[in-house]
Structure formats: C-alpha cells, structure tokens
Amino acid sequence: MTVFEQLQAVGEKYQAGYLVLVDPDRLEQQDIPRFGQQVQSAGVDALLLGGSFLTNDLSLIAETLQNSTNLPIILFPGSAMQLTSHADAILFMSLISGRNPNYLISEQVKAAPLIQKQGLEPIPTGYLLIDGGTQTSVSFISNTTPIPRDKCEIAWAHALAGQYLGMQLIYLEAGSGAKTPVPDLMISSVKKQVSVPIIVGGGIRSTETARQKVEAGADFIVTGNVIEKDPSLMSAFAEAIHG
Ligand code: 1GP
C-alpha cells in the first residue's frame, strides 16, 4: 500500500485524519524515541517532517524517528535541500498561491532526481499560503504574499487549478505559529469546489478549533507548535479530529 493509499484509507475510516508536524530544529535527538512511542499510541495517522527553514541534520532526526515509530513519515520540505531516504513519502509541493518561480518549479526540478534515487513516494500537493494574521517563516522565506483571509474565491480558484494540474492533495496553510488559522468559510468554499482531500494547518491550538476545521470540510488537520509544547495533547486532538 502506498502512503497516499494509506491516507485515503484514513479518510474512509474517520471523518478526518490527524497529522503531526515535526520540526527537526525543535526536536532533541534524545527525546525522539519517547516521542515516537507517544505518537504511536495517541492515534496520530502520520507524521510530517520538515519546515521552511532548517539548521539541524534532517537525516539523523528522520532515521531516529523511523526507528521509533511505525507511522508513515512524510517529508514536508521547505526546499530541495530537505531530502532524506529515511522517510516513506514526500509532499511534492508547489507553492501555487505564490508567484515565485523558485517555489513553483525550480526547487522541484532540483529535488526530482534525488527523490527518484532515494525511492521516496512523491505525493503531488498544491500548497496555498493563507494570511494567518502575522508574517510567518514560510511567507518570509518563500517571498510570497499569502491569500487574503476574506478572498475565498481566490483560494478555491487556486485549489481548483491545482486539482486540474493533477495535484492529489490541497494544503491550506496559515503558517506555523499563525495568529489565526485558515478561516472556516474559506475551507468550506474550497471543499465545495475541489474533490481532492484538503489538508489544513497553521495556528491550530485547541481541539475545539481542530474540530471546527473538520466540520468546515478539512480532510486532514496538521498541528505543530501545540504538540511541541505538550505532546500529551495528541490523543485529545486525534479524538476530536477523527470524529
Ligand atoms: C503545518 O503550519 C502547520 O502546516 C503547523 O502549524 O505549528 O501553528 O501548528 P502550527
């Protein structure tokens, strides 16, 4: 079964799936084995690994994580530099809300031969950055302007274009640490227009908010910061998201 098929199976089993984002810069090597056990028993469906900007050795973190959990590890790269064979798949993303050719296609061209060599499963993903009320690393590093929060039609037109280009997932991203997550109205209007699964992440800090995003139409919810601060919250998030 491919990782994408596993994600589809999660979608069939639950109302929505739960993905935990691991920022390799914020996870201490010695804490990984315990964290691996925690995610496993908390009901998390898969791990995303990466960030817009990295200073740590991704491979070392990924390898330790792989030895600590059976959950799929999906790379969530900020650039073509963030690749390792110690993962199962990679969100092969294009930042389609932006107009920076580097993140639309250049990084992807640099990464493609390495992904092939490393045997990673690429999952074509349309990545949309939505204004989360504060400047986030992803908007600064990618030098792109997020979609305004009240422009639902701009968001769904981008998502639909992504689907027509063959992307298998649409990621609505408010940015890690966003003040406010992607608005419910925007999620529901994207959901109405596209048939591929929608991932929603950035600024989700409570189980109530996560639940609200699922009700609005999110197929997968991603949390990062809130779990870094308190990993014991993972089970409650999984329960709220699975429905
Ligand atoms: C990944 O941006 C999310 O898409 C993670 O965001 O760290 O704010 O949960 P948080």
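Largest first, what is the accessible-area ranking of E228, E239 with a 1.4 Å probe?
E239, E228
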Check: Using the Cα atoms as the points, what is the convex hull volume per residue of segment 58-192 in Å³?
Finding: 117
Item checked: Amide H within-cut-off set for M93, under 5 Å, with H built and near neighbours excluded -> T125
Note to self: Could you report the accessible area of K191 in Å², rounded to 10, computed with a 1.4 Å probe on the protein chains as they sit in the structure?
What the structure shows: 80
Notebook entry, point to check: With every protein chain in place, what's the accessible area of M167 (1.4 Å probe, Å², nearest 10)?
Noted result: 30
Next item on the list: Determine the calculated [θ] at 222 nm for the chain from helices alone, applying -39500 (n - 2.57) to every DSSP H run no shorter than 4 residues and normalising by the residue count; nearest 500 deg cm²/dmol.
Entry: -12000 deg cm²/dmol
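Let me make sure I get this right: for the chain, a, b and c are the square roots of the gyration tensor eigenvalues over alpha carbons, sorted descending. Under 1.5 in a/c it's rounded, otherwise prolate if a/b > b/c, else oblate. Which is it?
In terms of gyration-tensor shape, rounded.
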Next item on the list: Just need the relative contact order of segment 23-143 here, percent rounded to a whole number, with Cα pairs under 8 Å and 6+ apart.
Entry: 23
Item checked: Estimated FRET transfer efficiency (R99, F53; beta-carbon r; R0 25 Å; 0.05) -> 0.75
Notebook entry, point to check: Within segment 90-106, whose backbone N sits under 13 Å from a point 7 Å along Cα→Cβ of T145?
Noted result: 98-100
Notebook entry, point to check: Got a number for carbon plus sulfur as a percent of the chain's accessible area, 1.4 Å probe?
Noted result: 52
Notebook entry, point to check: For segment 3-242, what's the relative contact order in percent, using C-alpha pairs closer than 8 Å and at least 6 residues apart?
Noted result: 20
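The values are calculated or read from the model by the stated rules, or taken from the named source; none is laboratory data. Because the structure is a prediction, the values reported are computed rather than measured. Cβ: placed from backbone, ideal geometry, glycine included. Neighbour counts: every protein chain shown. All accessible areas refer to the heavy atoms of the entire protein, side chains included, with ligands and DNA or RNA removed. Shrake-Rupley method; radii C 1.70, N 1.55, O 1.52, S 1.80 Å.
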